[in-house]
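Engineer: The structure follows.
All of the numbers you see were taken from the coordinates with simple rules; none came from a lab. Note that the structure is predicted; figures quoted are calculated from it, not measured. Glycine gets a Cβ as well: all are built from the backbone with ideal geometry, and neighbour counts include every protein chain shown.
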Amino acid sequence: MKPSIVKIIKLDFTTIEIHQHYIVSQIKEGVDFEQKHLEAFYEVFETYFSGRPFVSIADRKNDYTINPNLLKDSRFKNLLGIGVVCYSEASYKNALFEKTFFKGKFETFYEMEACKEWALQLVEAYTESD
């Protein structure tokens, strides 16, 4: 499964790269991530991954806040996991806190390539077990 960008979506609060088996999102600086933002992500999930397993990768280059209770929403059963790529210790600690709210697989990384490899392994393992 070689990763390649299928499409780039630019919204007012984020840029999302759609890949075959995962998305990479980069939320803009200073955003207070709320339910309306999550709904926008769900529209992307529905459009590009309806019925297909995938992983969501958060590229945390920018500083923003997220209501961790949003991570309890498990509407998308084909979302196999969330990977968070951090660039500071503070961002890493925030992600570890957020992990406690998500019921699925949630991993933190300092390198994007390691996160993408993890995402592909999740999808591959799911596909092989199906």
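Engineer: Of Lys61/Lys99; Lys61/Lys105; Lys10/Lys103; Lys7/Lys99; Lys10/Lys36, which ones are farther than 23 Å apart at the Cα?
Structural biologist: Table pairs above 23 Å Cα-Cα are Lys10/Lys103; Lys7/Lys99.
Engineer: From the mean inverse distance of alpha carbon pairs (Kirkwood) and the Cα radius of gyration, derive Rg over Rh for region 5-129.
Structural biologist: In region 5-129, Rg relative to Rh is 0.92.
Engineer: For region 22-79, treating each Cα as an identical point scatterer without solvent, what Debye log10 I(q)/I(0) comes out at q = 0.15, 0.18, 0.26 1/Å?
Structural biologist: Those come out to -0.45, -0.65, -1.25, one per q.
Engineer: Another question, if that's okay. Identify which of Gly51, Gly104, Gly81 has the largest mean-square fluctuation in a Gaussian network model of the chain, with springs joining Cα atoms closer than 10 Å.
Structural biologist: Gly51
Engineer: Relative contact order for the chain: what percent, with Cα pairs under 8 Å and sequence separation of 6 or more?
Structural biologist: After rounding, I find 22 percent.
Engineer: So what is the relative contact order of region 27-95, in percent, for Cα pairs below 8 Å that sit 6 or more residues apart?
Structural biologist: Answer for region 27-95 is 42 percent.
Engineer: Of the DSSP beta bridges with both residues in the chain, give the percent that are antiparallel, rounding to the nearest 5.
Structural biologist: 35
Engineer: Using alpha carbon centroids, what distance separates region 24-54 and region 62-76, in Å?
Structural biologist: One Cα centre to the other: 10 Å.
Engineer: Run the simple label-point estimate for Lys36 and Glu111 please: 7 Å along Cα→C-beta, distance reported in nm.
Structural biologist: With each label placed 7 Å out from Cα toward Cβ, I get 4.0 nm.
Engineer: Same structure, new question: Taking Cα atoms, how many degrees apart are the long axis of helix 89-99 and the longest axis of the chain, rounded to 10 and kept between 0 and 90?
Structural biologist: 60
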